[in-house]
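Worksheet: one structure, shown below.
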Amino acid sequence: MVKDAFTEVSQWVFDLDNTLYPPQMGLFDQIEIKMTEYVMAELAVTRTEADRLRSLYWRQHGTTLAGLMREHDIDPDPYLIAVHDVDMTHMTPTPGLAERIRTLPGRRIVYTNGSAPYAERVLAARGLSGVFDAIYGVEHANFKPKPEQAAFEQVFDRDGIIPTRAAMFEDDPRNLAAPHAMGMRTILVAPERHDGEHIHHQTADLKAFLDLLS
């Protein structure tokens, strides 16, 4: 049974975008548009070139921001404010999700490659304010992004997470490689099937998966 694989878990780490809300809500689509517009303005390039760089830096550096910082010495703070200035009025809670997360035994945190203030807004829109013990953004990893193991280590050291006692929920398969290597249980939250030794469980429905742990 799935529940048996989590008997030793007492620390629960959740990604934010497309994990604590379904991709159909389209929030990250807005962010990608904002990213492209920011790259256009900062680098004085066309939309086509900005889209290419956004995607390239995501693949090569883990996030577009990491690529902009390393390749162009971009200041991260204005970028994070600009790209996360998105509309959340269409977002609604998933019935029962907040209560299900609250019933997980032990400590519960959010760790996102976005910013912590943005994460707080998303959680409020999803009816998840006050559900988590702590919220960490890319700024808490000194702007190092997932999937870099050093980023996970910095956030986990800050919070006191013991990987062998923890589980990681993520929508990006590559962001589960480091947690797996560190000894965490890994859960991919995504509609598409992905295979790999670093993915222990997969679900397209976070609430339904958490129901299996109760």
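The values are calculated or read from the model by the stated rules, or taken from the named source; none is laboratory data. Please read all numbers here as calculations on a predicted model, not as lab measurements. Ideal geometry is used to build each Cβ from the backbone, glycine not excepted, and the neighbour counts take in all protein chains shown. Remember, those area values only see protein heavy atoms, side chains included, never the ligands or the DNA or RNA. Shrake-Rupley method; radii C 1.70, N 1.55, O 1.52, S 1.80 Å.
Rolled with a 1.4 Å probe across the full set of protein chains, the surface gives D171 an accessible area near 40 Å².
Hey, could you get me the Stokes-Einstein D for the chain, Kirkwood radius over alpha-carbon pairs, 25 °C and 0.890 mPa s, rounded to whole µm² s⁻¹? Result for D is 139 µm²/s. In terms of its Cα atoms, the range 21-105 spans 47, 28, 21 Å along the principal axes, sorted from long to short. Among L68, L16, L176, the largest mean-square fluctuation in a Gaussian network model of the chain (Cα springs under 10 Å) belongs to L68. Once you reduce the range 116-178 and the range 62-80 to the center of their Cα atoms, the two points are 19 Å from each other. Measuring only protein heavy atoms, the 1.4 Å probe finds T92 accessible over about 70 Å². Listed by chain and number, the lysines whose C-alpha is less than 29 Å from the C-alpha of K144, apart from same-chain residues fewer than 8 away, are K34.
Placing +1 on each Lys and Arg Cβ and -1 on each Asp and Glu Cβ, with no other charges, gives the range 63-214 a dipole about its Cα centre of roughly 580 debye.
Can you sort T7, T94 by 1.4 Å-probe accessible area, starting with the largest? Provide the component values of the computation, followed by the final result.
Working: T7 95, T94 50 Å².
From most exposed to least exposed: T7, T94.
Normalising the average separation of contacting C-alpha pairs (under 8 angstrom, six or more residues apart) by the number of residues puts the relative contact order of the chain at 24 percent. With the convex hull drawn over the C-alpha atoms of the range 129-189, the volume per residue is 89 Å³. The alpha-carbon positions of the range 1-71 define a convex hull whose volume is 135 Å³ per residue.
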